[in-house]
Amino acid sequence: MEKRKKIAFVLGIRPDIIRAALILKYLKQSTAVETLLVWSGQHYSDNLKDIFFRELGIPKPDYELGCKGDTDAEICASLISRLYGLFAEIKPDACVFLGDTNTTTGSIACMQLNIPIIHIEGCMRSYDWTMPEEKYRTMIDHVSDVIYAYFSEYKQQGINEGINPNNIVVVDNPIVDILNTFYFSHKDKFDAMATEDFFRSRNLERGEYYVMTCHRRENVHDRVAMDNILKLVAAAEKLVYFPASYRTQKVLKEENYTIPKNMILVDPVGYEELLCLMVNAIGVITDSGTLVEESCVLGIPCIQMRQSTERPQVYDVHSAVKFNPRSPTELKHPEFIKKLNSLVGTKWKHPFGDGKTSERIANDLIKRAESGTFRGHKKEQYHFSVDRSYMNDSIKI
């Protein structure tokens, strides 16, 4: 019997767990591959990590690297070093990364060991080079052997940068699969969860609040941006329920921000609780890429607090309002709340796919394992004829 191909799946933050849940499930069912889950440690607390594994039914990681640090540089350096040591030992046939976070810099260890790299969520571009995510996703796309892109327009963006089109596979967005499987197929469960006690214990009233998340560095670590975000919250008038990351909470405290009276600031929550909160809210206020997609699929209007986005489709279907926190301070914040409220009750068709993306990616990975074709197509070789006559020794300067 031929030895199974070994695929290492490297994840590091909670949105990674959400998007990868069904892909991992399909891969684990296959007899063609051995799937090893590696957790970088970028997110490490129970309510940012373990609860998502439990609720989404994902087995615990095979390897936990514990790559923590006070700076991105420390996290990335630790990750590359530890992944190199792990992969040198277990020798995977291919390594899968998802998204655009610090964890994707682990692909450098794969490059050094000549391990084929697979990138899910490839060729997204905001064309805003101030975003660390833009640098990470551009880097990993250009070193990947196989790229799974959500849209044809993303594939074209990669081609425009010189990436071989044969290496890019358009698959749609797995967030649709996840919501179909874990929300729409269990809607009765979420309806039962949304009791009066559920809202009362959170000092909320069903349908009378907004859900907010905010974690991006260009917002949290920018005084102008954060001031504008807090003004936006205050303009909402109704309660804004804010499960905040620990880093965001730390900045709010250390920088002495004044928390609006209508904001309820709490620790991060699990996936089921977040979904229940979202579907019973007026709308969502967020800088998260995942939440704007989820709210679009769930039919919940959203304000996207971003100067630039790699997910413009939510604007195309009018499920989201753009709010740029880094604009001048004369922003009329109540107008954005009015725009959000005007979307309540409207209908749109989400553009993110048919709900079969996870199976599509898993089947393609299995097929590649069986045929031994994890390696991408070689890049075209370009030869330029350069006129260097100006270097002739007879020319005097």
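The values are calculated or read from the model by the stated rules, or taken from the named source; none is laboratory data. None of the values given here were measured: they were computed from a predicted structure. Here the Cβ is made from the backbone with ideal geometry for all residues, glycine too, and neighbour counts use every protein chain on show. Accessible surface areas use protein heavy atoms only, side chains included; no ligands, DNA or RNA. Shrake-Rupley method; radii C 1.70, N 1.55, O 1.52, S 1.80 Å.
Can you give the charge dipole size of region 51-200 about its Cα centre, rounded to the nearest 20 debye, using +1 on the beta carbon of Lys and Arg and -1 on the beta carbon of Asp and Glu?
240
Let's see if you can work this out: charge +1 on each Lys and Arg Cβ, -1 on each Asp and Glu Cβ, no other charges. What is the dipole magnitude of region 244-328 about its Cα centre, in debye to the nearest 20?
Roughly 360 debye for region 244-328.
Given axes a ≥ b ≥ c from the Cα gyration tensor, I'd like to know whether region 118-233 is rounded (a/c under 1.5), prolate (a/b larger than b/c) or oblate.
Cα axes put region 118-233 in the oblate bin.
Under 5 Å between amide H atoms, partner at least 5 residues away or on a different chain: which partners does residue 236 have, H built in plane at 1.01 Å?
none
Taking a ≥ b ≥ c as the square roots of the Cα gyration tensor eigenvalues, with a/c under 1.5 meaning rounded and otherwise prolate when a/b beats b/c, else oblate, which class fits region 208-344?
Rounded shape, in that the Cα axes give a/c under 1.5.
Each residue of region 357-363 in order: what ³J(HN,Hα) in whole Hz does its phi give by Karplus 6.51 cos²θ - 1.76 cosθ + 1.60, θ = phi - 60°, with x for Gly and Pro?
Per-residue couplings from phi come out as 5, 4, 5, 5, 5, 4, 5 Hz.
What is region 94-174 by shape, rounded, prolate or oblate, if you read a ≥ b ≥ c off the alpha carbon gyration tensor as root eigenvalues and call it rounded for a/c under 1.5, prolate for a/b larger than b/c, and oblate otherwise? Mind dumping the intermediate values first?
On the way: a/c = 1.58, a/b = 1.17, b/c = 1.34.
Note, shape of region 94-174 comes out oblate.
How much FRET efficiency would the formula 1/(1 + (r/R0)^6) give for residue 257 and residue 315, where r is the Cβ-Cβ distance and R0 is 25 Å, rounded to 0.05? Provide the component values of the computation, followed by the final result.
Details: r = 29 Å, r/R0 = 1.15.
With R0 = 25 Å, the Cβ-Cβ based efficiency is 0.30.
Rank-order 17-23, 202-208, 83-89 by packing density, defined as the average count of other C-beta atoms within 10 Å over each peptide's residues, highest first. Write down the numbers at each step before the final one.
On the way: 17-23: 23.9, 202-208: 13.6, 83-89: 16.4.
Per-residue mean Cβ counts within 10 Å order the peptides as 17-23, 83-89, 202-208.
Length gain on complete extension for the stretch residue 224 to residue 338, per 0.36 nm per residue less the alpha carbon to alpha carbon distance?
Extra length available between residue 224 and residue 338 comes to 38.8 nm.
Relative to the longest principal axis of the C-alpha atoms of the chain, give the angle of the C-alpha long axis of helix 223-235, reported between 0 and 90° and rounded to the nearest 10°.
Helix 223-235 and the main axis of the chain meet at about 40 degrees.
What span do the alpha-carbon atoms of region 1-158 cover on each of the three principal axes, reported in whole Å from largest to smallest?
The Cα atoms of region 1-158 stretch 47, 35, 32 Å along the principal axes, largest first.
Ignoring ligands, DNA and RNA, how do 218, 161, 370 rank by accessible area with a 1.4 Å probe, largest first?
Numbers: 218 25, 161 65, 370 125 Å².
Order by accessible area, largest first: 370, 161, 218.
So if each residue of separation counts as 0.36 nm, and I subtract the Cα-Cα distance between residue 74 and residue 364, what length gain in nm does that give?
Extra length available between residue 74 and residue 364 comes to 101.0 nm.
Percent of Cα-Cα pairs more than 32 Å apart in the chain, please. Show your work: numbers first, answer last.
Numbers: 29077 of 78606 pairs.
Tail fraction, whole percent: 37.
Just name one of 149, 224, 282: the one whose Cα is farthest towards the positive end of the charge dipole of the chain (beta-carbon charges, Lys/Arg +1, Asp/Glu -1).
After comparing all options, I get 149.
Using the Cα centre of the chain as the reference point, and only Cβ charges (+1 on K/R, -1 on D/E), how large is the resulting charge dipole? Debye, rounded to the nearest 20.
Here the size comes out at about 220 debye.
For residue 186, what accessible surface area do you get with a 1.4 Å probe? Give it in Å², rounded to 10.
The value for residue 186 is about 90 Å².
Could you list the GluC sites (Glu not before Pro) in region 309-358 that lie in coil according to DSSP, counting only those with at most 16 other Cβ atoms within 10 Å of their Cβ?
Details: sites: 310, 330, 335; in loops: 310, 330.
Passing sites in region 309-358 are 330.
Please tell me which of these pairs span more than 18 angstrom C-alpha to C-alpha: 60/356; 231/332; 6/367; 28/367; 25/135? Could the numbers behind the result be given before it?
Values: 60/356 24 Å; 231/332 9 Å; 6/367 13 Å; 28/367 14 Å; 25/135 30 Å.
Where the Cα-Cα span goes over 18 Å, the pairs concerned are 60/356; 25/135.
Kindly express, to the nearest 10 degrees and within the range 0 to 90, the angle between helix 333-342's C-alpha long axis and the longest C-alpha principal axis of the chain.
90
Got a sec? What order do 129, 348, 39 fall in by accessible area at 1.4 Å, biggest, i.e. largest, first?
129, 348, 39
Which residues in region 271-302 place their backbone N less than 15 Å from a point set 7 Å from the Cα of residue 206 along the Cα-to-Cβ direction?
Only 276-282 pass the distance filter.
Could you please state, rounded to a whole Å, how far the C-alpha centre of region 1-40 is from the C-alpha centre of region 301-359?
So the two Cα centres are separated by 32 Å.
May I ask you to compute the full-extension gain from residue 111 to residue 28, defined as 0.36 nm times their residue separation minus their alpha-carbon distance, rounded to one decimal in nm?
27.3 nm
Helix 14-29 versus the longest principal axis of the chain: what is the Cα-based angle in degrees, 0 to 90, to the nearest 10?
Tilt relative to the chain: about 60 degrees.
Per DSSP H run of at least 4 residues, take -39500 (n - 2.57); add these up for the chain, divide by its residues and hand me the 222 nm value, nearest 500 deg cm²/dmol.
-12000 deg cm²/dmol
Suppose a student asked you for the relative contact order of region 168-324, using Cα pairs under 8 Å spaced at least 6 residues apart; what percent would you report?
Relative contact order here is 23 percent.
If r is the Cβ-Cβ distance from residue 130 to residue 3 and R0 is 56 Å, what FRET efficiency results, to the nearest 0.05?
That gives a FRET efficiency of 0.75.
Given region 210-312, what percent of its DSSP beta bridges are antiparallel, to the nearest 5?
Antiparallel bridges: around 0 percent, rounded to the nearest 5.
Compare the Cα positions of 327, 350, 257 along the charge dipole of region 236-375 (+1 at Cβ of Lys, Arg; -1 at Cβ of Asp, Glu; about the Cα centre) and return the one farthest towards the positive end.
327
Where the centroid of each part is defined by its Cα atoms, how far is region 161-189 from region 204-276 in Å?
With region 161-189 and region 204-276 each reduced to a Cα centre, they are spaced 28 Å.
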